[in-house]
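Derivation of every value follows stated rules applied to the coordinates shown; laboratory data play no part. Because the structure is predicted, anything quoted here is derived from the model rather than measured. Every residue, glycine among them, receives a Cβ derived from its backbone with ideal geometry; neighbour counts consider all protein chains shown.
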Amino acid sequence: MSSTRNVYKWGSPDVEEKLPSHTLSFVETQFPVDSDFKSNFPKGHIDLKPLKKSKITPQSLAKFKKIVGVNSFHLDPFVRARHSIGKFYSEIYNARFGTVNDTVDVVLTPKTEKEVEQIVTLANQLKIPIIPFGAGSSVTKALQAPNGGISIDLSLMDKVIEFNAIDGTVTTQAGIYGPALEAFLNEKGYTCGHFPQSFEFSTVGGWIAAKGAGQASTGYGKMEDILLAVTAITPNGKIESKPYPAAAIGPDLFRLFLGSEGSFGVITSATLKIRKFKPENSTKGSFIFKNFESAVETMREVMQGGFGKPHFFRIQDPEETDISFKMSGLQGGKEDKFLSFIGYKANERSLMHVIVDGDPDYSKFVFNKIKKIAKRRGAFSTGKSPVEKWLHQRYSSAYLRDYLMDEGVRIDTIETAVTWSELYALWSNTRSYVKSFPNTSCMVHISHAYETGANLYFIFISPMDTKNELDSFAKFHKGLIDTIHQNGGSLSHHHGIGRLLSPWMKSELGENGLQLLSAIKKSFDPKGIMNPGGLLGLK
């Protein structure tokens, strides 16, 4: 349990699967890696290197231990490392060699809001940094602790506080995981409707702090559409809002915690919208288009059609469509040959998934409208099988990254939001940048659609640089962000900023915008103890 693989590995520590033979064969052919490098590349089954010495005095540590109790006080190096690393590529790469830099000094797991308040008050008095921790799925370097400090792990604050069927709301503690919340709601005939890929290993507090989006956000909304009220403990005191359906009482101050990434305070509870859960009413299907443009124009027409919208709405671009065929062993099979024969050719075709939830009449009506638009634009209906297969693996596919890295393969992602009018240029120019690097695949999908635009989610895969992988990756990644930003894309659609994208925040917000953000932080956190060290463009 103490090997570094269990520090960085995605998901359950008990899940260790090999790549299927057809997937491994494709990877070895598509992304050739020097055999000596691959065999010697560490798989993380090594001891953790010594961490930096704690900056917190024994006397101060004793005070924190008194607040939470001995069982919620952790100095163990493995626990500290686990709470100081997210899932960004360079963090995982370093951890494979036993290195976790910029670690917290102690991990506290409070059981109540009162304990959180006492921790924050004491840390503020002592000027000790605090980094809130949900489940550790951040991909933006948001958990790194360049100044040391305290990780407040909210995993013991995982209770449902109130369920209100009349209002259609649920109030929970911030540390509840996605599956636990959804199971509670489903039992009562409701759903939260928030299903990020990290669903199994992320929390309500993390969803809010990252301003996240679930795979059904087209229908249910992003977290800013689902959140009604929040309670947070800041160094300057407690912030608590009420779950009004709407209000005109000045700016919605509680919404400042959406996307705050732990910079203002510790989110302890939240009230969320919930919807009726009727999976038997869902209407679903997949369509394949002759090209990406036809799929996108179908999606845009649907979103601007005024007749309703699907809940899950997803397009895979030609490269992602074909690689999914290859990695699943379908390339050259009957389906592949048939699609090519009727004009849906490899390297050109795009796959679309559609699921409409809700009232059965509504779901059928909306799906049939989408089907008519898709067919008018040349789509071929492939039935339910592709979308059901995607649903089955939508969470487990996150495990692939660790197994691909075991093979010496680089894999990472970046996402953005863009208007319809700029989407094609952004997609094309970003792909051109990525493809300018040898043996590099660039898969793209749209998974969150709006009336005015959509997100683009890029997945890039290539052999590792056997001489200097981290420098090579950093150069590649900077150019990637620059390309997206220069072509009309936002810095992020749902992953957040963290320390990773912080250097670009001034160009995104402008000087005045960044000054305003700094002023807000200073109001909540005068001494700068909340997740310090360059998060969100802040000093």
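Brief remarks on what is shown
- Pairs with C-alpha atoms separated by more than 21 Å, drawn from the list 278/384; 273/369; 66/159, are 273/369; 66/159.
- Taking 7 Å steps out from each Cα toward its Cβ at residue 165 and residue 365 produces label points 2.6 nm apart.
- The GluC sites (Glu not before Pro) of segment 450-539 include none that DSSP puts in a loop with a beta carbon having at most 10 other beta carbons within 10 Å.
- Reach of residue 467 by Cα under 28 Å, taken over lysines that are not fewer than 8 positions away in the same chain: 9, 18, 38, 43, 49, 52, 87, 141, 435, 475, 478
- Share, in percent, of DSSP beta bridges within the chain that are antiparallel, nearest 5: 90
- Nearby aspartates and glutamates by direct alpha-carbon distance to residue 334 (threshold 17 angstrom, same-chain neighbours under 8 apart not counted): 322
- Alpha carbon centroid spacing (whole Å) that separates segment 256-275 from segment 48-97: 24
- With helices as the sole contributors, the chain gives -11000 deg cm²/dmol at 222 nm; each DSSP H run of n ≥ 4 counts as -39500 (n - 2.57), and the sum is divided by every residue.
- Here segment 149-172 and segment 402-439 have alpha carbon centers that stand 36 Å from each other.
- Packing-based ranking, highest mean first, of 399-405, 97-103 given that Cβ atoms within 10 Å are counted: 399-405, 97-103
- Within a straight-line Cα-Cα reach of under 20 Å, residue 53 can be paired with the following lysines, leaving aside sequence neighbours fewer than 8 residues apart in one chain: 63, 65, 127.
- Extension gain for residue 334 to residue 255 (0.36 nm times residue separation, less C-alpha to C-alpha distance): 23.3 nm.
- FRET efficiency for the pair residue 507 and residue 53, taken as 1/(1 + (r/R0)^6) with r the Cβ-Cβ distance and R0 = 25 Å, rounds to 0.10.
- Relative contact order for the chain, counting Cα pairs under 8 Å that sit 6 or more residues apart, in percent: 16
- Net charge dipole size for segment 279-394 [Lys, Arg +1 and Asp, Glu -1 on Cβ; Debye, nearest 20]: 320
- Distance between modelled label sites at residue 470 and residue 18, nm, 7 Å Cα→Cβ extension: 3.2
- FRET E, pair residue 276, residue 75, Förster distance 56 Å, beta-carbon r, rounded to 0.05: 0.75
- The spacing between segment 461-507 and segment 317-383, judged by their C-alpha centroids, is 31 Å.
- The relative contact order of segment 99-208 comes to 27 percent, based on Cα pairs under 8 Å that sit 6 or more residues apart.
- A Förster distance of 35 Å, applied to the separation of the beta-carbon atoms of residue 37 and residue 432, puts the FRET efficiency at 0.80.
- Taking the Cα centre of segment 388-465 as origin and assigning +1 to Lys and Arg Cβ atoms and -1 to Asp and Glu Cβ atoms, the resulting dipole is close to 160 debye.
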